[in-house]
Amino acid sequence: MNKGIILAAALATGMGLGITTWAAAGGLQAPTAPITIEGKKPAKFNHATHTALGLACGTCHHDAAHKPRTAEAIAALPDAKQLACETCHNEKFANPKLRKRMDVFHARCKECHQAGVNGKKGPTGCSGCHVTQKKKAIEGC
């Protein structure tokens, strides 16, 4: 099969999530390039950086019972949308502080970034994760 067709289909699948998780012949795979998690204030995320630290998929991705998902369990999912936080974290979620995707990311990511992994801590300030808008040049400057 043409690699261009596979890539186009993969990107189309991920666009609905605002990320580029894609399906390949072996099932869902982590994106190889950094992704942007779309939202009011888009955030950048790099799977390779996190897996290089030894973090397993289940560190962030869990099922409805909060059991960590393995790479094999994720690859077996029929649709990347099942990884979306909103699948469970929505207005019906038991904990009101974790009903919004933003709140989930802020709680989990900041906790891990502050604690660190293998002696390395991640960014905890807004600009460490959020994509900053470039200011437009003022005409004549």
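Would you pull out the residues with amide H under 5 Å of His61's amide H, same chain only if 5 or more places away, H placed 1.01 Å from N?
For His61, the qualifying residues are Arg69.
Quick one: what are the phi-derived ³J(HN,Hα) couplings along the stretch 82-89, Karplus 6.51/-1.76/1.60 with θ = phi - 60°, whole Hz, x for glycine and proline?
5, 8, 5, 4, 5, 4, 10, 7
Any read-out appearing in this document is the output of simple, stated calculations on the displayed coordinates, not a laboratory observation. Since the model is a prediction, treat every value here as computed from it, not as a measurement.
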